[in-house]
Amino acid sequence: MSSTILVVEDEPAIAELIAVNLSFAGHKVLRAMDALQARTLVTAELPDLVLLDWMLPGKSGIQFAAELRSDDRTRNVPIIMLTARTEEQDKVDGLEAGADDYITKPFSPKELLARIKAVLRRRAPQLTDDTVEVSGLKLDPVTHRITGHDKVLDMGPTEFRLLHFFMTHTERVHSRTQLLDQVWGDHVFVEERTVDVHIRRLRQALTLSGHDNLIETVRGAGYRFSATQTSSVGSY
């Protein structure tokens with residue numbers, strides 16, 4: 001599944017090689033040569049993952065990683081550090097600064113894509129192509145097919161993304177703001193009540209297989225997708 005990846009690398013040849021391979025793999029690529037440019041891009045559009053070089057002009061990659069982790073908006077964005085450093089302590093420093101993985105140069109494009117996929121599967125499973133199944137409800141991101149107890153379910157693209165996010169983050173309460181950021185994107189400005197409309201449509205689409213009761217309204221907090229929910233719940 002396509003993801004938006006921010007590449008922060010000051011060596012043009014390496015940045016170009018990474019960008020070409022990521023684009024070929026279907027990802028949208030944002031490029032920055034230093035932390036200042038990267039911050040501007042992140043402000044405009046929150047990436048799904050950051051590839052961050054350790055040695056950058058001005059603010060180092062380690063400092064920028066710590067900055068991203070201290071900001072509520074970027075705290076959960078996966079970070080992979082790129083560096084020529086090979087010492088174990090360097091790796092520890094990178095991970096302690098907030099990096100999710102660490103790749104030493106030189107690396108092959110194949111290895112990089114595999115690391116990206118692994119980090120996304122762990123940190124942002126809704127961005128992968130893995131089939132998800134919960135309580136007899138099955139969603140295939142590749143074919144965009146959804147079945148519930150072997151019944152084919154039909155729904156719009158927004159409801160599909162919403163369900164995919166719910167199914168990969170079960171039993172957690174998500175506020176409307178969080179759902180807007182994760183499903184619509186934090187650079188898209190729509191009213192929070194838009195979430196309620198699409199939740200209602202999603203429940204209607206799941207009625208055919210009896211899975212509509214998996215979406216629980218948590219009054220005053222948001223919504224939860226619960227695989228253990230057995231009774232019908234209210235909706236807005």
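Please treat every number below as a calculation from the coordinates, not as lab data. Everything numeric here is computed off the predicted structure, so don't read it as measured data. Virtual Cβ from ideal backbone geometry, glycine too; neighbours counted across all protein chains shown.
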Inset, instruction - Taking the dipole about the Cα centre of the range 110-214, with the C-beta of Lys and Arg at +1 and of Asp and Glu at -1, give me whichever of GLY136, VAL197, ASN213 is farthest to the positive side. - result: GLY136
Inset, instruction - Would you mind checking the tilt of helix 35-44 against the longest principal axis of the Cα atoms of the chain, expressed as 0 to 90 degrees and rounded to 10? - result: 20 degrees
Inset, instruction - Find the relative contact order for the range 132-225 and round it to a whole percent, using C-alpha pairs within less than 8 Å whose residues are 6+ positions apart. - result: 31 percent
Inset, instruction - Quick one: compute the contact order of the chain, relative version, from alpha carbon pairs under 8 angstrom and 6+ residues apart, as a percent. - result: 13 percent
Legend entry - GLU45-HIS144 pseudo-label distance in nm [points 7 Å out on the Cα-to-Cβ vector]: 2.0 nm
Inset, instruction - State whether the range 4-127 is rounded, prolate or oblate according to the following rule on the C-alpha gyration tensor (a ≥ b ≥ c being the square roots of its eigenvalues): a/c under 1.5 gives rounded; otherwise a/b larger than b/c gives prolate, and the remaining case gives oblate. - result: rounded
Legend entry - Close Lys-Lys pairs in the chain, where close means Cα under 23 Å and separation is 8 or more or interchain: 11
Inset, instruction - Decide, for the chain, between rounded, prolate and oblate: order the square roots of the alpha carbon gyration tensor eigenvalues as a ≥ b ≥ c, take rounded if a/c falls under 1.5, and otherwise choose prolate if a/b is larger than b/c, else oblate. - result: prolate
Inset, instruction - Measure nothing fancy, just the Cα-based angle from helix 12-24's long axis to the longest principal axis of the chain, in degrees from 0 to 90, nearest 10. - result: 20 degrees
Legend entry - Helix-only [θ]222 nm of the chain, DSSP H runs n ≥ 4, -39500 (n - 2.57) each, per residue, nearest 500: -11000 deg cm²/dmol
Inset, instruction - Evaluate the relative contact order of the range 4-127 (contact order divided by residue number), counting alpha-carbon pairs under 8 angstrom at least 6 apart; express in whole percent. - result: 21 percent
Inset, instruction - Work out how much length MET55 to THR217 would gain on full extension: take 0.36 nm times their residue separation and subtract the Cα-Cα distance, in nm to one decimal. - result: 53.7 nm
Inset, instruction - Quick one: order ASP181, ASP72, ASP53, ASP154 by neighbouring beta-carbon count within 10 Å, fewest to most. - result: ASP72, ASP154, ASP181, ASP53
Legend entry - Most fluctuating residue given options ALA84, ALA97, ALA19, as computed from a GNM of the chain linking Cα atoms under 10 Å: ALA84
Inset, instruction - Whole Å is fine, so just give me how far the alpha carbon centre of the range 63-119 lies from that of the range 164-226. - result: 31 Å
Legend entry - Where only alpha carbons of the range 132-225 are counted, the Rg and the Dmax (Å): 12.6, 37
Legend entry - Cβ-based net charge around LYS28, under 13 Å, with every Lys or Arg adding one and every Asp or Glu removing one: -1
Inset, instruction - Could you size up the charge dipole of the chain around its Cα centre, putting +1 on the beta carbon of Lys and Arg and -1 on that of Asp and Glu, and report it in debye to the nearest 20? - result: 680 debye
